[in-house]
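Each value in this text was obtained by applying a stated rule to the coordinates, not by laboratory testing. Everything quoted here is computed from the prediction, not taken from an experiment. Here Cβ is always computed from backbone atoms with ideal geometry, including for glycine, and neighbour counts include all displayed protein chains.
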Amino acid sequence: MRNNFWLGTIMALGVLGMTSKASLASPDAQQHLAPAGKLRAAINFGNPILATRDAITGEAMGVSVDLARELGRRLGVSVELVIYNAAGKVVEGIKNREWDVAFVAIDPARALEMAYTAPYLMIEGAYLVSQASPLKNNADVDREGVRIATAKGSAYDLYLSREIRHAQIVRAATSPAVTDTMIAQGLEVAAGVKQQLQADAKRIPGLRLLDGRFMVINQAMAMPRGSEASIRYLTEFVEEMKASGFIAEALTRHGIEGAAIAAPLAR
């Protein structure tokens, strides 16, 4: 019993030590992360791994919401959730400075306007087809005559736009609309978050996922470029949230499966 007590004490002190380190944001970092005296966090409902609405209250919930509120707590400011229904719209929002921090997939095309932390989650991208489709594996998809539905401006759209050579990409407005777009237009493939497509396959009879994944999406926190101190602070925050178990606990609390916590940032 005594050994357990001291072990718990040592672990608690370790967590407190990490917390105090991440709580010390420089004035420059605070100014850029919460320029209006509050933290405006972009929340994307287009990715159910990161955020959804509570079925009863309608309130935003999910790992990205929890991270935003914890960051605001450490900065000593209130948090305003800026809601979007697609990742592409989150990216568009940076042009009008609609948000201060966001939760997005790392992609080189987006890096021109935003600075990223290291990833905190890894999510698989998958293909969905009809049961009768002749497509058997991911390599079969990129061929003439195949049309792939995916969400406009999403990480999947950006990746497929670079990698696909023969198939045609058809862009739906949001990630949740991808499978319905495939069905409505008689397309051959839907591409998106594996968990979303699994849910669609249960919702709509006659669909199946191709085995494996066609890409891994590294989810990170991001902010508009302009403050090295702020992105350093945000990176330390993310690393502590991974190491302390905060993100793992959030995934469990919200019943999220299939997302892996990213490895610690190499020092």
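Things to note:
- Spatially, region 154-177 and region 69-117 are offset by 22 Å when compared through their Cα centroids.
- Derived scalar couplings ³J(HN,Hα) [region 213-223; Karplus, 6.51 cos²θ - 1.76 cosθ + 1.60; whole Hz; x for Gly, Pro]: 9, 9, 6, 10, 9, 8, 8, 9, 8, 9, 8
- Answer label for Kirkwood radius over Cα pairs in Å (calculated), chosen among (i) 17.9; (ii) 19.6; (iii) 18.8: (ii)
- Near Ala60, once Lys and Arg are set to +1 and Asp and Glu to -1 for all other residues with Cβ below 9 Å from its Cβ, the sum equals -1.
- Remark: spin-label model distance Ile169-Arg208 equals 2.8 nm, labels positioned 7 Å along the Cα→Cβ axis.
- Ala201 sits among other residues whose Cβ lies under 12 Å from its own Cβ, and their net charge, with Lys and Arg +1 and Asp and Glu -1, is +3.
- Restricting attention to the chain, the count of lysine pairs at 8 or more positions apart or across chains with alpha carbons under 26 Å apart stands at 15.
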